Each structure stands twice: as structure tokens, then as C-alpha cells.
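Chemist: Pasting a structure here, questions to come.
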Amino acid sequence: MEQKKQKEERRMGLERLPSSLLIEEVLLKLEIEALCSVSCVNKAMSFSVSQALPLLSSINLSAFSPDAQILNSMVGGCRGLHSLTLNCLHLDNLSLGVILGPHLQELNLLSCSLLSYQVFTSIGEACPNLRVLVLELVDQCSTEAFKTNLDQMLNGCLCLESFSLKIRGRDVGANAFQSIDFFLPSALKSMKLQSVLEQDVIRLMDKIRVGADRNSLQTAHVSIPVSPLSSVFTLQRLSLVLDAISDELIMAISGNLPTLVELDLEDRPVKQPLPNHDLTNTGLQYLASFHHLMGLSLIRSRHNQQVSFKRVNDMGMFLLSEVCKGLESVRLCGFSKVSDAGYASILHSCLKLKKFEARNAFFLSDLAFLDVTEFQCSLVEVKLLSCSLITSETVKQLTRSRVLEVLDLCGCRSIADSCLGSISSLRSLSMLNLAGADITDYGLSVLAQGIPSITRLCLRHCERVTDEGISFLLHGGGTIRKTLSVLDLGHMPRISDKAIFTIAMAGTEITELCLRHCSVTDVSLDCLAMRKTFRDECKLLRRLDLLNCTGLSVNSLRFLKRPSFPGLHWLGIGGTPLASKGYPALSKIHNQRPWLTICLEGCEMGCYDGWQFHRAGYPQ
């Protein structure tokens, strides 16, 4: 009763403020969702919010999927808006008409499952001052429409400095673009493309070279790749997802884009590349042409194929470490022939190294990190994914770097309790991934007593952790219980309703919770739905993953109706009785809560890499 009285007094205090002061000092400092909540208090506050919205310079709506009506009511009148980020899962081309205009300088359109390639032309015509553009579209198998509309957009956005275009589809092959044959604004400094063909990228590099060498942008047989505003193309950041990474590709990029400071290449070959069409030690030598390179990422994704960079060994890493000593960020995946000596050469030679990632490194062991205190670099982020030879000894060495903020050990199954004491001493650590580690409840009790301000913790597949371990974690005397906002407990067979009750009561800062493949029942959903009632200081749960929680019944759908789970943006219920038997009720819940995305497809949290597979006509 006392808390309700205090809330009412605060609300009345806000309403007594002069309108201009309320807008400038209070409303304009709130996030967009908080603004919408405030507008529901009464007519006076709704009016003040309507006056504040057009004054916003930046709006981020990526956390949920608005429909056309919600988008129009929130953003339609914001003509002073410079930056806009949208989750477009429920938006079509017509919906975007209300938000496009010359006022926009940054536009991020994510999860565009309903947008056609015509959106390119719409953006080019309406947004001539655009400087940053991010688009995620679905492959529509219309090459000519893609080329025509994309070319019109790029010709209309001559100020574009950063361009990211991801074409998603069901095939992992890189054939969405078919060919790169379009205009590139001369102001462009950063470009990301997914997915493209290696040979098309090589042809694009040749066009850039022709433009620079001849000081002319017109050739007899190719289109103009670079704006007539300049004959020199000074791209600084290039990120590509391709069908193959080869020596020829590296040579073409390094020979024609010497100003690059970041190079990010990922390939997804459907089979092991032929010996004369793959990346080798020689290809890594070509990187010497990049005199300003600070970030390098070379990834070979395995997917369903056992492929790797089989023609790069330790000598290749020695060469890389010698020609790229200025690297600050290194990401390597699929180098199956590289051992400790190769990785250690990078760690010792790149004196400015801040971020290091190795994935599927079969021969990377503790020896590479021996005497880590002798490294002159100060590692801030370390990710060692699926490195089976890495043990707790490496972690103990790494924790000697007191500036470490991110530690990702996903799939390192030899990580045990013995290193958690060292981790608990890292004050700057904000993200910790122990997925698949051999830790126990005791290890979590040690971590719970430490000083790290961890906001994101992943314990997925930590099969020895029980409900008691979660209780230790959230009832300990350390910092983590006050800072933890994202918790992943997926695939943990010893987690039950008891652990969820602990989270509901003690995890006051948790806003994202993954429970996929856990043995939880309706009791857990009831606890989470009522957590705000139990403890008013609890933050609202924004995302909840219940994939394959088969202990849930259709009756638990009642907990998803208002007023339960206020503020929930995303719910994953694929593989549960809620999805297989509760479709009519889900449709009603979706209509009642248009801000809520209900995923039935098994996507990871937020559907960031699975939205293109959602079935039409289902509640989303």
C-alpha cells in the first residue's frame, strides 16, 4: 500500500511540472518504450508524450516487431529523426512510407521478411542524405529486380558511408547476389555483403583498379562501380560472406583496397575446396599490403560439412604475425592444421591486440597461453569456442589480465571449477560463457562471491549444475546477483521449477532468460509471470525461451494473457504443447499483445538468425 502511495505521489509530481520542463528534462531522456508507457497514464501525459516524440533524434525499435499501425502512431510524425532502427518482421513496403524521408541519416531495417526489393528504390528516392544503411532481406530469386532496384538506391544515396546488406535464404550457398554489378558511392567507407560469390568479388576489385588506374569510371564492357565524385575508392571496412576464400581473393582485395583497417571474411563451402582454389600460407602473405589493418577475421563455417583451411599451417600464422603487427582484433575459425606455435606467434607479435577469438581450433592447448603475463598486449576480449584441449589452466593465465571484459569458453569441456576462483577476481568482466563446461554447484558458489559485474552468463549444457547451484549464484554475497541481466540455462537436465522460483524471487535484474530443453512445468511459468508482484524492484522480463520444455501444458497459456508478463517482447515456445495444441489461444494473445513476438520455429533468442524461416499465417 505504501509503495502504491509513493508511486501516485511521484506521478502527481511529474504532472505539476511545466510542460516544457517535463518534455526536455524527463520525457526526452526516456527510452521509446518507457515513453509509450507514460503516455497511457492519462490524457495530459499522453499529450506531453505526443509533443516529445517529434523532438527525438534517434529511435531504436529492434527489441520488438511493430505492425504498421503501431509504427505510424510512434514514428509517423517524427520528422526530426536522424537515426531509426526497426524490426520489420511485420512490416511491408507500404508501411515504411510514413518513416522514410530526407531527415534520416541512419536507417537499420532488420528481419525484413515481408519487404520486396522495391524497398531499395523507395529508400533511394526518399533518403538522399542517408549515411548509414543496414538491410536484412529474404532472397526472392529475382536477380534482375535485385540489380535494378539496388542500383537505383545507391545512385540516390550519394552520401552513403556505411552499407550492410544481408540476403537470407534457406540455402547456405553464397548465390543470393548472383553478380556484383552496381554503383558504389565514393563516400562509402564500410561495406558488408551476405552472401556473395568469390569470383564476383574479384571482378569488383578489378573494376575498382580500372577506375583508379585510368582516372575514369567508364569502361567498354562493365558498369560504373564507383561514383563519378572520385576516382579513388577508399573503403576502410569490408565484410563478406562468400562461397570460398582463396589466395586469389585475398590478393585481389589487398591489391585494390590498401586503405582497409578491417577485413572480415567468412566462407561457407559446400565441400572442401580444391588445392589450387583455397587459402594457403601464400595468401596470408598478401595481407602485408594492408599497412593500416587493425581488425582481421577469417572464418570457415562448417555447418553440415567437415571443411577447414587445410592448407594453412603454423608457418602461415608466423607470416601473418610478421606482416600484420598492428592488429588489434583477430578472429580465426577452421584452421585445422594450426597448433599452439602458430596461435602463440600472433599473441606475442601483435602488441596492440585487444580481441582474440579462435574457433574449432583442434590443436590449440594451454601451451599457447603459457606465461600470458609476458604478452605486451592487454586482452579485453577472449573467445575460445569448441577448443577441446583448453583447460582451466588457460583461464587462470588469462585472468592475469585485469582489463578482461569478455570471456567466451563455449564448448571447452575441460573447463572446471578450479578456474572460477580466478574468474571471480575480474572486476571488469561483463560477459561469461561457460556453455558445456564441467562445472558444478560448488563452482557457481565461488563465482557468486566474486567481484565481476557480469551482465550476461551462459551455462548451457552444464549438466552437473543443479537447482542448488542457481540458488548459490543468486544468493551469494558478490556482485553478480546485482548485475546479471541475461541468463542461459538451456539443455540443463537438473534444472527444475525450484531454480526458476529462485530466479523469479532473487534475479531482480534478469530481463532475458533461456530455459530451452529444461524440465520445467506450468509452475515455473506462473512464478515468472508473477515475479513483479512478489518483488516490485524486479525488472520486466523481455525475452523468454521455452523451446522443447515439454513439461508445460496448454493450461499455462493463461499466464501469457494480460496483465501477466508486462513488457515481454519475445517468447520461444517451439516444440511445446503450447505450440502444437494452443494455436487458437495464441492467436488471441497475439492480437491482445501486438508488441509480443511468439516464435514457434526454434530460433535462438530474438530470432536474429532464423526469422527468414518463419511460416506465414502463424502468430509471430
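The values are calculated or read from the model by the stated rules, or taken from the named source; none is laboratory data. Values in this document were obtained by computation on a predicted structure and should not be read as measured data. FYI the Cβ positions are ideal-geometry reconstructions off the backbone, even for glycines, and counts take in every protein chain you see. Accessible surface is based on the protein model in full, side chains and every heavy atom, while ligands, DNA and RNA are left aside. Shrake-Rupley method; radii C 1.70, N 1.55, O 1.52, S 1.80 Å.
Chemist: Taking only the stretch 202-216 into account, find how many residues are of a type in the set (A, V, I, L, M, F, W, C), open to solvent by 30 Å² or more (accessible area, probe 1.4 Å) and either modelled with pLDDT under 50 or touching a Phe, Trp or Tyr at 6+ places or on another chain (Cβ under 9 Å) (or both). Spell out how you get there, then give the answer.
Modeler: Step one: list which residues in the stretch 202-216 are of a type in the set (A, V, I, L, M, F, W, C), which gives 202, 204-205, 208, 210, 212.
If we keep only those that are open to solvent by 30 Å² or more (accessible area, probe 1.4 Å) too, we end up with 210, 212.
Right, trim to either modelled with pLDDT under 50 or touching a Phe, Trp or Tyr at 6+ places or on another chain (Cβ under 9 Å) (or both) and you get 212.
So the count comes out to 1.
Chemist: Being assigned to a strand (DSSP E or B) and open to solvent by 20 Å² or more (accessible area, probe 1.4 Å), is that true of even one residue in the stretch 557-580?
Modeler: No, that holds for no residue.
Chemist: When the stretch 525-543 is examined, which residues are found to be modelled with pLDDT of 90 or more, over 14 Å from residue 509 (Cα atoms) and of a type in the set (A, V, I, L, M)?
Modeler: Hits for the stretch 525-543 are 525, 529.
Chemist: Right, something else. Would you mention how many residues in the stretch 57-69 are among the hydrophobic types (A, V, I, L, M, F, W, C) and open to solvent by 20 Å² or more (accessible area, probe 1.4 Å)? Write out each step before concluding.
Modeler: Going through the stretch 57-69, the residues among the hydrophobic types (A, V, I, L, M, F, W, C) turn out to be 59, 61, 63-64, 68.
Filter once more, so that each one left must be open to solvent by 20 Å² or more (accessible area, probe 1.4 Å): 63, 68.
Total satisfying the criteria: 2.
Chemist: Given the conditions (1) surrounded by fewer than 19 Cβ atoms within 10 Å (Cβ to Cβ); (2) under 23 Å from residue 454 (Cβ atoms), report the number of the one that residue 366 does not fulfil.
Modeler: Among (1) surrounded by fewer than 19 Cβ atoms within 10 Å (Cβ to Cβ); (2) under 23 Å from residue 454 (Cβ atoms), the lone unmet condition for residue 366 is (2).
Chemist: I've got another one for you. Within the stretch 112-130, restricting attention to residues that are within 23 Å of the chain's Cα centre (by Cα) and over 18 Å from residue 193 (Cβ atoms), which residue is most open to solvent (accessible area, probe 1.4 Å)?
Modeler: Filtering first and then ranking leaves 114.
Chemist: Which one is most open to solvent (accessible area, probe 1.4 Å) among residues in the stretch 264-314 that are farther than 22 Å from residue 328 by Cβ and of a type in the set (Val, Ile, Thr)?
Modeler: 270
Chemist: Separate question: Pull out all pairs, ordered by first then second residue, where Cβ-Cβ is under 9 Å, the residues are six or more apart or on different chains, the first lies in the stretch 318-329 and is over 14 Å from residue 343 (Cα atoms), and the second is open to solvent by less than 70 Å² (accessible area, probe 1.4 Å) and not in a loop (DSSP other than H, G, I, E, B).
Modeler: Every condition considered, the pairs that remain are 323/284; 323/287; 323/288; 323/289; 328/295.
Chemist: Can you name the condition, by its number, that residue 500 falls short on among (1) open to solvent by 20 Å² or more (accessible area, probe 1.4 Å); (2) within 21 Å of residue 546 (Cβ to Cβ)?
Modeler: If we test residue 500 against (1) open to solvent by 20 Å² or more (accessible area, probe 1.4 Å); (2) within 21 Å of residue 546 (Cβ to Cβ), just (1) comes out false.
Chemist: Looking at the stretch 62-73 only, could you name the residues that are of a type in the set (A, V, I, L, M, F, W, C) and out of contact with any helix residue (DSSP H, G or I) (no Cβ under 7 Å at 6 or more places or on another chain)? Lay out the reasoning, then the answer.
Modeler: Taking the stretch 62-73 and keeping what is of a type in the set (A, V, I, L, M, F, W, C), we get 63-64, 68, 70-71.
Selection gives 63, 64, 70.
Chemist: Do you know which of the residues in the stretch 442-459 that are surrounded by fewer than 20 Cβ atoms within 10 Å (Cβ to Cβ) and not hydrophobic (A, V, I, L, M, F, W, C) is nearest to residue 402 (Cα to Cα)? Break it down stepwise before answering.
Modeler: Filtering the stretch 442-459 for residues surrounded by fewer than 20 Cβ atoms within 10 Å (Cβ to Cβ) gives 442, 445, 449, 451, 453, 455-456.
From what's left, not hydrophobic (A, V, I, L, M, F, W, C): 442, 445, 449, 453, 455-456.
Details: 442: 24, 445: 22, 449: 18, 453: 13, 455: 17, 456: 18 Å.
Restricting to residues being surrounded by fewer than 20 Cβ atoms within 10 Å (Cβ to Cβ) and not hydrophobic (A, V, I, L, M, F, W, C), the top hit is 453.
Chemist: May I pose another question? Having 3 or more residues that are more than 25 Å from residue 576 (Cβ to Cβ) is the bar; report the strands (runs of 3 or more DSSP E) wholly within the stretch 410-518 that clear it.
Modeler: Details: elements: 431-433, 456-458, 486-488, 512-514.
Output list reads 431-433.
Chemist: Given (1) at positive phi; (2) open to solvent by less than 10 Å² (accessible area, probe 1.4 Å), identify the lone condition not met by residue 476.
Modeler: (1)
Chemist: Within the stretch 597-620, track down each residue that is modelled with pLDDT of 80 or more and either open to solvent by 70 Å² or more (accessible area, probe 1.4 Å) or under 22 Å from residue 551 (Cβ atoms) (or both). Walk me through it before giving the result.
Modeler: Of the stretch 597-620, the ones modelled with pLDDT of 80 or more are 597-607.
Selection gives 598, 599, 600, 601, 602, 603, 604, 605.
Chemist: Pairs only if they're at least six apart or on different chains, beta carbon under 8 angstrom, first in the stretch 92-103 and closer than 10 Å to residue 68 by Cβ and open to solvent by 20 Å² or more (accessible area, probe 1.4 Å), second of a type outside the set (A, V, I, L, M, F, W, C) and part of a helix (DSSP H, G or I); list them, first residue then second.
Modeler: Partner pairs satisfying both residue conditions: 97/122; 98/72.
Chemist: Additional query: Filter the stretch 373-383 for residues that are open to solvent by 20 Å² or more (accessible area, probe 1.4 Å) and in contact with a helix residue (DSSP H, G or I) (Cβ under 9 Å, 6 or more places away or on another chain) and give the result.
Modeler: Within the stretch 373-383, the first condition is being open to solvent by 20 Å² or more (accessible area, probe 1.4 Å), and the residues that meet it are 373-374, 376, 378, 380-381, 383.
Listed by number, the residues that qualify are 373, 374, 376.
Chemist: Still on this structure, please answer the following. Tally up the residues in the stretch 232-247 that are assigned to a helix (DSSP H, G or I) and crowded, with 20+ Cβ neighbours inside 10 Å, please.
Modeler: Our first condition is that a residue be assigned to a helix (DSSP H, G or I); within the stretch 232-247, this holds for 247.
Applying the additional criterion that residues be crowded, with 20+ Cβ neighbours inside 10 Å yields none.
Total satisfying the criteria: 0.
Chemist: Considering the stretch 70-91 alone, what residues qualify as being of a type in the set (S, T, N, Q) and either open to solvent by 50 Å² or more (accessible area, probe 1.4 Å) or part of a loop (DSSP other than H, G, I, E, B) (or both)? Can you show your working first?
Modeler: Step one: of the stretch 70-91, the residues of a type in the set (S, T, N, Q) are 72-73, 83, 85, 87.
Once the filter is applied, which keeps residues that are of a type in the set (S, T, N, Q) and either open to solvent by 50 Å² or more (accessible area, probe 1.4 Å) or part of a loop (DSSP other than H, G, I, E, B) (or both), the stretch 70-91 yields 72, 73.
Chemist: Can you name every residue in the stretch 317-362 that is within 19 Å of residue 247 (Cβ to Cβ), open to solvent by 10 Å² or more (accessible area, probe 1.4 Å) and assigned to a loop (DSSP other than H, G, I, E, B)? I'd like the intermediate steps shown before the answer.
Modeler: Step one: list which residues in the stretch 317-362 are within 19 Å of residue 247 (Cβ to Cβ), which gives 317-324, 332-338, 342.
Filter once more, so that each one left must be open to solvent by 10 Å² or more (accessible area, probe 1.4 Å): 318-319, 322-323, 336-337.
If the condition is that a residue be within 19 Å of residue 247 (Cβ to Cβ), open to solvent by 10 Å² or more (accessible area, probe 1.4 Å) and assigned to a loop (DSSP other than H, G, I, E, B), then 336 is the only one that fits.
Chemist: Right, here's the next one. If you scan the stretch 93-152, which residues turn out to be of a type in the set (D, E, K, R) and not in a strand (DSSP E or B)?
Modeler: Going through the stretch 93-152, the residues of a type in the set (D, E, K, R) turn out to be 106, 125, 131, 136, 139, 144, 147, 151.
125, 131, 139, 144, 147, 151, listed by residue number.
Chemist: Just the residues that are among the hydrophobic types (A, V, I, L, M, F, W, C), in contact with a Lys or Arg (Cβ under 8 Å, 6 or more places away or on another chain) and open to solvent by 10 Å² or more (accessible area, probe 1.4 Å), please, taken from the stretch 248-263.
Modeler: 261, the sole residue that qualifies.
Chemist: Which one is least open to solvent (accessible area, probe 1.4 Å) among residues in the stretch 131-150 that are farther than 16 Å from residue 92 by Cβ and in contact with a Lys or Arg (Cβ under 9 Å, 6 or more places away or on another chain)?
Modeler: Here the residue is 134.
Chemist: OK, next. Does any residue in the stretch 446-457 that is without any contact (Cβ under 8 Å) to a residue 24 or more places away in the chain and farther than 17 Å from residue 488 by Cβ come within less than 6 Å, Cβ to Cβ, of a residue that is among the aliphatic types (A, V, I, L, M) and open to solvent by less than 10 Å² (accessible area, probe 1.4 Å) six or more places away or on a different chain, and which pairs are these?
Modeler: none
Chemist: If you take the residues of the stretch 384-420 that are surrounded by fewer than 17 Cβ atoms within 10 Å (Cβ to Cβ) and small (Gly, Ala, Ser), which of them is farthest from the chain's Cα centre (by Cα)?
Modeler: Here the answer is 418.
Chemist: Still on this structure: Counting just the residues of the stretch 503-548 that are under 19 Å from residue 454 (Cβ atoms) and open to solvent by 50 Å² or more (accessible area, probe 1.4 Å), which one comes out nearest to the chain's Cα centre (by Cα)?
Modeler: The qualifying residue nearest to the chain's Cα centre (by Cα) is 542.
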